[in-house]
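One structure is given here, and the rest of the page talks about it.
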Amino acid sequence: MTTFQSQPAEGEQPPADSVAPRDSSSQAPTSIERLNQTIKGFIDRWGSIWVEGEITSWNVRGGAVFGRLKDLRSDAQISIRLWSSVRARTPADLRVGDHVVACVKADYYPKGGDFSFQVSAMRHVGLGEQLERLERLRRQLRSEGLFDPTRRKPLPFLPHGIGLITGERSDAEKDVLRNAELRWPHVRIRTLHAAVQGERSVPEILQALQTLDADPDVDVIIIARGGGDPQTLLGFSDERLVRAVAAARTPIVSAIGHENDHPLLDDVADLRASTPTDAAKRVVPDVGEQRAVVQQLRSRLTMRLQQRLQHDIAQLQHVRTRPVLRAPERMVESRQQDVFLLLARGRDRAERRIHDGERRTAELRASLRALSPQSTLARGYAIAHTADGAILRTADDAPAGTDLVVTLEHGAVSATSLGRRDGTTRASS
């Protein structure tokens, strides 16, 4: 414990350690140690205090944490320290941007004049109930199919116009505009500013979304905001906003916070970008990369055409070296003799067929003549038949009085049968 010197004798200047800060003067100054000890004694009487704020710095060194808390409505900040024993009792997911309440005790270090607060307890503000409500809404929206990847609309390769919804003069707006223009200098972006946290955020974002979705010149819409604690990002998990994004006709890109932030808007958007910068890179193609791709495709096309032409020329040369193309008349000449032989053979076969036909016809004519009744009549025979044409074969076929017709070689005569006669048969004409 620090002890201070006793009071000096009358007429002597008192030592600095013996002068209380409230009694100091230019002739009797107090010492820095006495001043710091006085400040420490005054601060030690404060006890523990509960404060609310946002974590702006969180550095882990040797198991302890050295950080800073910022007031929610002003720029006022305090330095904090969490020893390893306290840190083991605090939530493991505390990070920069979280909205917390902490039990702190002022700590003044007299030797260095450093002032900070030791934290004995720290927790999120109302985050448990909010997270539970968001999880229930997430399950409901998933059951309705709003998170189904098949319903997501594809982004155009090169959008003619891009709609941007973000905070006014925000870093997110600067990141999107700068990276988009760097990748494609002639890109056209229509920016609508809206509050990105607080009670005004959801109505203003909905109005901006409705305006951009109705604009025929806007092919894709980016909703962007920088990082923040879960409390400040609650607006992007609002059911009204999530359903409006799901019903939009224009593809929506969610670029909210950083990689670890995950509002419901990310699940229903057609594309989730980890940061506003990532959104610009994924929506706008890089003109340099596209030129390189075009040049590569041109080179490949030129090489393919050259290879095809060289192949076709080689094939043509190979075909031209064939004998049939070197002397095409040889093919006709070689076939000419075959044609002559075939003609002679055909003519010979035709003549033989005709000769055989004539001979066969003569034979048939002779046979016909030999068998013909006319030949029999020519030898002096006659054919007797009744008037109805029945040929007489026996005498009984022509009883007496039967009219007969006798056919001769030349002509026919009528006769009447006198009946059967022995020997010579007579007929009256």
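Numbers below:
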quantity	calculated
Of the criteria (1) among the basic types (Lys, Arg); (2) more than 24 Å from ASP71 (Cα to Cα); (3) in contact with a helix residue (DSSP H, G or I) (Cβ under 8 Å, 6 or more places away or on another chain), which one ARG225 fails	(2)
Lone unmet requirement of (1) among the polar types (S, T, N, Q); (2) buried (at least 17 other Cβ atoms within 10 Å of the Cβ); (3) under 30 Å from TRP58 (Cα atoms) for THR191	(3)
Residues of region 67-113 that turn out to be free of Cβ contacts under 8 Å to residues at least 24 places away in the same chain and assigned to a loop (DSSP other than H, G, I, E, B), as a count	9
Meets criteria (part of a helix (DSSP H, G or I), touching a Pro at 6+ places or on another chain (Cβ under 8 Å), surrounded by 10 or more Cβ atoms within 10 Å (Cβ to Cβ) and free of Cβ contacts under 8 Å to residues at least 12 places away in the same chain) for ARG330	yes
Subset of region 59-83 (residues that are closer than 12 Å to ARG95 by Cβ and open to solvent by 50 Å² or more (accessible area, probe 1.4 Å))	ASN59, VAL60
Residues (outside any loop (DSSP other than H, G, I, E, B) and buried (at least 21 other Cβ atoms within 10 Å of the Cβ)) located in region 209-233	LEU209, LEU212, VAL220, ILE221, ILE222, ILE223, ALA224, ARG225
Some residue of region 130-143 being outside any helix (DSSP H, G or I) and either of a type in the set (Asp, Glu) or farther than 25 Å from GLY227 by Cβ (or both)	no
Extreme residue, modelled with the lowest pLDDT, among residues of region 88-144 that are of a type in the set (Asp, Glu) and open to solvent by less than 50 Å² (accessible area, probe 1.4 Å)	ASP98
Failed item, numbered, when HIS318 is tested on (1) exposed (fewer than 10 other Cβ atoms within 10 Å of the Cβ); (2) in contact (Cβ under 8 Å) with a residue 60 or more places away in the chain	(2)
Cβ-Cβ under 6 Å pairs, at least 6 apart or on other chains, region 363-390 side over 16 Å from GLU409 (Cβ atoms) and open to solvent by 60 Å² or more (accessible area, probe 1.4 Å), far side of a type in the set (D, E, K, R) and not in a helix (DSSP H, G or I)	ALA387/ASP403
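The values are calculated or read from the model by the stated rules, or taken from the named source; none is laboratory data. Being a predicted model, the structure only gives us computed values, none of them experimental. In this analysis, Cβ positions are derived from the backbone assuming ideal geometry, glycine residues included, and neighbour counts consider all displayed protein chains. Just the protein is used for accessible areas: all its heavy atoms, side chains included, with ligands, DNA and RNA removed. Shrake-Rupley method; radii C 1.70, N 1.55, O 1.52, S 1.80 Å.
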